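These notes concern the structure reproduced below.
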Amino acid sequence: MKRNLDYVWPVLGLAAVLVSFWLLYREFQGQALGPQLIAAFRAIPPTHYLLALASTIVAYVALAFYDRIALLHLGVRHISWRFIAACSFTTYALSHNIGASVVSGAMVRYRGYSSKGLKPAQIAILVAITSLTFVLGEILVGGVALILRPQALAQLGDLLPDFLTHESTARILGAGCLVLIALYVGGSVLRLPTRTLFGVRIEYPRWDIVLRQLIAAPAEILGAAGIIYFALPETGNPGFIVVLAVFIFSFSAALASNAPGGLGVFELVFLKSMPGAPQEGVLAALLLFRLLYLLIPLGFAIFIVLGFEKRRLSEAIRHHQQRAGEQADIHAKTRAHRD
C-alpha cells in the first residue's frame, strides 16, 4: 500500500498542476498578458515592494519559531538558534516547492536534526508539533477574519456552495474556529490527562508552548498574506482581512492538491476569489509572492543543503581516516608485541 501511494501522490500532484494550468489558460485565453503583466509590476510602488520583502522576512522568522517551539516541547535546548533557523528555512523552502510538505519536510528535518543527536521518534513529534502549529494559526486567523469580515466568504462565491457564502454562515464558522482554539487552550491550562484516540497518543502541550504557538503561527500567516496584499493594485482591493481569508483558503487548497508549490492551484483559486480586481494586477501580486516566498528561498536553500552535505561528507571522511589510523596503530602495536 505504501509503495503504491509513493506513486499515487506524485501523479495526483501532477494532475492538479495540469488541470490548473488548463483552467488558467482558459481564464486568460485571448488576452495579451505580457505587456499587461509588465505594466502591473511597474504599477507596484517601490515602498510596497519593500513592504512585501519585509513581510517575507517576518513569515520565515516565524517559521523558524515553529521548530524552536517543537524543540522546547521536547525539552531539547542544546541546538543553537542559528542551526534551527537554517534547518527550518531549508525545510520550508524545499517542502513548499516540492509539494507533499509533511513528507518532504520530515525528510529534511530528519537529515538535519539527526546530526544533532535527535532520535527518529523525537523528530516525528517535532514534525507533528510544527504541523499542528500551522493548523492552529490557520484556524485562529481564519476564525478572527470571518468574525470581523463575514462577507469575505462572498469572495469565494464561484468556488463554494451558496449556503457557505452567507454572512451568517461565515460568523458561525468563525465562531466555531475560535471555540476549537479555546478548547485547545483550555486543555493545556487545565492540564487534561493524555488520551489515546484511534491508537494515537494525544498530549496537550504546556501553556507556555501553546502561547508561543498562538503567536508564531498567526505571525507567519499574516506575513505571507502581506506579501500579496502589498503587491495588489488599489483598484478592487477588498482590504487586508478579506485578502487574508482568501489567502488561507487558497493556500490550503494548494497544500491539499499535493501539487509542487501549489503551482497553478494557488493562482487559480486566488484569481477566482478576486473578481473585482484587475486580473493582471492580481496575477502580478501572486507571481511576486511566488518569487519572494518560494523561488528565492529555494535558491538559498539549495546552497545551504550543499554546504551541509559537504560538511557531513568531510566529517565522515575524517572519521574514516581516524578509524583507519587507529586500526593501523593497533596492528602495529600487536606486531611489535609479538616480535
Label model pair residue 306, residue 115: point-to-point distance (7 angstrom along the Cα→beta-carbon line) in nm is 1.5 nm
Along region 114-121, Karplus-curve 3J(HN,Hα) (6.51, -1.76, 1.60; θ = phi - 60°) to the nearest Hz, with x for Gly and Pro, reads 5, 6, 9, x, 6, 7, x, 5
For the modelled label position 7 Å from the Cα of residue 78 along Cα-to-Cβ, which residues of region 110-150 have backbone nitrogen atoms closer than 19 Å?
110-126
Could you do me a favour and compute the accessible area per residue for region 115-198, 1.4 Å probe, result in Å²?
57 Å²
For region 150-291, what log10 I(q)/I(0) values come out of the Debye formula at q = 0.15, 0.17 1/Å, with one point per alpha carbon and no solvent?
-0.88, -1.03
Once residue 180 and residue 211 are pulled to full extension, the length gained, defined as 0.36 nm per residue separation minus their Cα-Cα distance, is 9.7 nm
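The values are calculated or read from the model by the stated rules, or taken from the named source; none is laboratory data. Since the structure is predicted, the reported quantities are computational estimates derived from the model, not experimental observations. With ideal geometry, Cβ positions are generated from the backbone for all residues, glycine too; neighbour counts draw on all protein chains shown. These area figures cover heavy atoms from the full protein model, side chains too; ligands, DNA and RNA do not enter into them. Shrake-Rupley method; radii C 1.70, N 1.55, O 1.52, S 1.80 Å.
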